[in-house]
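For reference, the structure discussed in these notes is given below.
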Amino acid sequence: MILMKHFIIAILLLVHIDPMAGQKRRVLADQAYDLMHYSEAIDLYESVFKGSGDSTLLQKIGVCYLKYKNYRRAQQYFGKCLNHMKSNPNLYFKYAELLYITGMRDSSAAVLQEYIAYNGANADTERLNSSISAYDSLMIEKDGFNITPAPFNSKDGDFSPLYYGKQILFTSQRSGSMDPWTGKHFSGLYLAEEDGSDIQQVPIEFAENFHSGSAAFADAKTMYFTTTSKIKGRYDEYNLQISIAGKTIDGKWVTSGLFPYCDPEYNLAYPTLSSDGKTMVFCSDKPGGNGGFDLYVSEYKDGRWNIPIHLKEINTIGDEVFPFIGQDNMLYFASDGYAGLGGLDIYKVNLLKYKESIPANLGSPFNSSYDDFGLISKDRLKSGYLSSNRNSETGIDRIFYFNKKTINP
């Protein structure tokens with residue numbers, strides 16, 4: 001953290017004291033980029049090199065916006081250095097995806113075919129091609145629901161809602177110290193009435209000082225929640241883990257330990273529990289998965305959590321994240337590994353029949369061309385909440401309430 005403070009101070013001094021030192025700021029921008037401090041890198045790159053035709057620079061700005069989840073700006077910058085990007089197959093394919101996400105489906109198909117001509121087909125190109133073909137079918141129900149921003153949203157990012165009695169527990173980035181990667185506050189847990197009143201932070205004693213959120217309850221006194229590890233793992237990073245907290249007699253939450261299969265070498269996060277608290281589904285990028293974050297299930301029997309089972313029939317080479325176990329053992333989760341509308345889409349599958357079932361895309365309006373995840377419902381999708389960065393040019397996540405429209409006779 002000390003080094004980070006010195007780095008930020010150096011940037012501020014250089015920007016305000018020596019505004020003509022463009023080359024020096026380029027060095028600092030490249031350093032921020034290499035450290036994955038993308039929000040800082042964007043400000044430096046754009047303030048010094050606005051209008052530049054430097055293809056390497058334009059590509060880096062595009063990557064910064066991509067990491068920052070501002071897909072439209074990323075697509076615009078990639079488009080300005082298209083010939084340069086053709087030498088980078090990964091980014092050139094990402095450009096085809098961004099065209100699809102931002103509504104330019106014909107252009108996306110053209111770039112995709114050019115990519116295949118030079119680099120061949122693979123699982124990613126098949127997924128994008130299937131998404132383009134399936135677009136119309138995923139839009140059939142787009143007018144069947146009301147989708148409105150939840151009244152307890154902030155300007156800083158809110159996601160992963162959860163029913164907590166008559167209140168909503170959710171994750172928010174509205175206060176606290178800053179994450180240099182995203183330029184946003186580290187996340188924490190908050191409680192609110194559904195009408196947006198009485199919003200309060202949920203302090204958890206002995207929780208880590210970085211991210212915490214995405215919780216699940218085994219019972220009224222036992223909470224599982226996502227936080228950061230105390231120990232650095234692979235790539236010299238603090239990975240996510242699932243912590244356990246107990247509620248004291250005076251109503252305080254106190255961290256009591258870790259889910260037994262946590263390991264600082266990889267991420268293990270975003271738990272959901274069945275209504276009886278005996279089945280947990282969570283996400284992990286532990287070795288042996290299909291790729292990225294995968295879904296795992298563990299059963300609580302004889303006073304302990306059994307060894308998690310990899311849901312390999314559901315998982316893809318992409319990410320499967322933010323699961324929720326609803327009624328009738330229906331598992332809802334977000335994925336970017338199936339055909340969809342773009343970014344993360346929400347899917348459903350029966351947890352008891354997942355081996356012989358193909359997850360179904362919920363389509364619009366549950367899904368959009370951006371990231372949609374963290375869905376909850378207690379009445380089989382007649383109403384509920386979901387998280388999304390739709391309608392946001394800055395990648396900010398918000399919570400949306402949905403309810404099925406009534407059909408007049």
Next item on the list: Keeping all protein chains in position, work out how much accessible area residue 253 exposes to a 1.4 Å probe, and write it in Å² to the nearest 10.
Entry: 20
Item checked: FRET efficiency estimate (nearest 0.05) - Cβ-Cβ, residue 35 to residue 378, R0 56 angstrom -> 0.85
Notebook entry, point to check: To the nearest 0.05, how large is the calculated FRET efficiency for residue 394 and residue 116 if R₀ is 30 Å and r is the Cβ-Cβ distance?
Noted result: 0.35
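Ignoring everything except DSSP H segments at least 4 long, calculate the 222 nm mean residue ellipticity for the chain; use -39,500 (n - 2.57) per segment, divide by total residues, nearest 500.
-8500 deg cm²/dmol
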Note to self: Under 8 Å for C-alpha pairs, at least 6 residues apart: give me the relative contact order for region 153-290, rounded to a whole percent.
What the structure shows: 16
Check: Excluding ligands and nucleic acids, what accessible area in Å² is computed for residue 398 using a 1.4 Å probe, to the nearest 10?
Finding: 70
Next item on the list: Subtract the Cα-Cα distance of residue 353 and residue 139 from 0.36 nm times their separation in residues, and report this length gain in nm to one decimal.
Entry: 74.4 nm
Item checked: Alpha-carbon Rg with Dmax, taken over region 274-409, Å -> 15.4, 55
Margin query: Based on the alpha-carbon set only, what is the convex hull volume of the chain divided per residue, in Å³?
Written below: 166
Note to self: Taking 4 °C and 1.567 mPa s as the conditions, I'd like the Stokes-Einstein D for region 37-126 in µm²/s, using the Kirkwood hydrodynamic radius from alpha carbon pairs.
What the structure shows: 97
Check: Gaussian network model of the chain, Cα springs within a sub-10 Å range: biggest mean-square fluctuation belongs to which of 332, 270, 354?
Finding: 354
Notebook entry, point to check: Once the Cβ-Cβ distance between residue 147 and residue 195 is put in as r, and R0 is 22 Å, what FRET efficiency do you end up with, to the nearest 0.05?
Noted result: 0.80
Notebook entry, point to check: Build a GNM of the chain with springs between Cα atoms under 10 Å: which of 374, 289, 62 gets the top mean-square fluctuation?
Noted result: 289
Checklist line | region 251-331 shape via C-alpha gyration tensor axes, a/c threshold 1.5 | finding: oblate
Note to self: So if each residue of separation counts as 0.36 nm, and I subtract the Cα-Cα distance between residue 230 and residue 252, what length gain in nm does that give?
What the structure shows: 5.7 nm
Notebook entry, point to check: To the nearest Å, what is the center-to-center distance of region 55-71 and region 199-258, using C-alpha atoms only?
Noted result: 33
Next item on the list: Classify region 208-270 as rounded, prolate or oblate, taking a ≥ b ≥ c as the square roots of the eigenvalues of its Cα gyration tensor: rounded when a/c is under 1.5, otherwise prolate if a/b is larger than b/c and oblate if not.
Entry: prolate
Item checked: Accessible area in the full protein assembly, largest first, 1.4 Å probe, for 104, 223, 330 -> 104, 330, 223
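When the chain is fully extended, how far beyond the present Cα-Cα distance does residue 330 get from residue 406, taking 0.36 nm per residue of separation? Walk me through the numbers before you get to the answer.
Working: separation 76, 0.36 × 76 = 27.36 nm, distance 2.38 nm.
Gain on extension, residue 330 to residue 406, equals 25.0 nm.
The values are calculated or read from the model by the stated rules, or taken from the named source; none is laboratory data. Note that this is a predicted model, so its numbers are computed, not measured. Glycine also receives a Cβ, built like all others from the backbone with ideal geometry; neighbour counts cover every protein chain displayed. Remember, those area values only see protein heavy atoms, side chains included, never the ligands or the DNA or RNA. Shrake-Rupley method; radii C 1.70, N 1.55, O 1.52, S 1.80 Å.
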